[in-house]
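Let me begin by presenting the structure, written as structure tokens, before commenting on it.
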Amino acid sequence: MNINRNLRFCGLFALALLAVAIVPSVASAQAFRGKFTLPFTAHWGGLALPAGEYYFSADNLTDLSLITIQHDGHYVGSVMVGGVAYDTPYNQNELVAVPIGQIYRISVLRLGHECAITFPIPKREREQMSAAIQFPVLARVVAVQPDKA
């Protein structure tokens, strides 16, 4: 009888821990929208984006959610989020693009003090970056205008 009571207590305790772990990530989920202008061609997730003006949106932004990209009012594609860090110390709204050979790869979307969103870089490109680094890599930064709505 004591064993059943202990197992039941452990099960309830584990369930309570799981609930506590889930609540903060759901509570911090937010929606973001904005626009940016790329002055160069860049890869973002599986998308190749030529220079131009783009709009992005993300509903319920959490780790492993999707950001939707539009250009000239048309859907371009979606990019999977690698991670989201809230309460970041950045003052600017910006995209950070790192060079990989002759192209740039979007690696971070910073939304001021709201959050910093990271995006996975494919293994092949990470290897190219580490093999080519002889000196500090200068990322290109693109201003982002978040919607105030």
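The values are calculated or read from the model by the stated rules, or taken from the named source; none is laboratory data. If you're wondering where the values come from, they're calculated on a predicted model, not measured in any experiment. Backbone-built Cβ (ideal geometry, glycine too); neighbour counts: all protein chains shown.
Observations on the model:
- Exclusive hit being basic (K, R), at pLDDT 85 or above and closer than 21 Å to E125 by Cα, set R110, R105: R105
- Of everything in the stretch 45-62 that is buried (at least 16 other Cβ atoms within 10 Å of the Cβ) and among the hydrophobic types (A, V, I, L, M, F, W, C), the residue that is farthest from the chain's Cα centre (by Cα) is L49.
- Scanning the stretch 50-62 finds one or more residues that are farther than 16 Å from S107 by Cβ, modelled with pLDDT of 90 or more and in a loop (DSSP other than H, G, I, E, B).
- Lone unmet requirement of (1) surrounded by 20 or more Cβ atoms within 10 Å (Cβ to Cβ); (2) in a loop (DSSP other than H, G, I, E, B); (3) among the hydrophobic types (A, V, I, L, M, F, W, C) for V79: (2)
- Any pair with Cβ under 8 angstrom, 6 or more apart, that starts in the stretch 78-104 at a residue that is closer than 14 Å to L38 by Cβ and touching a residue at least 60 places away in the same chain (Cβ under 8 Å) and ends at one that is part of a loop (DSSP other than H, G, I, E, B) and of a type in the set (K, R): none
- Candidate set from the stretch 92-133 (those that are assigned to a strand (DSSP E or B) and of a type in the set (S, T, N, Q)); member that is nearest to W44 (Cα to Cα): S107
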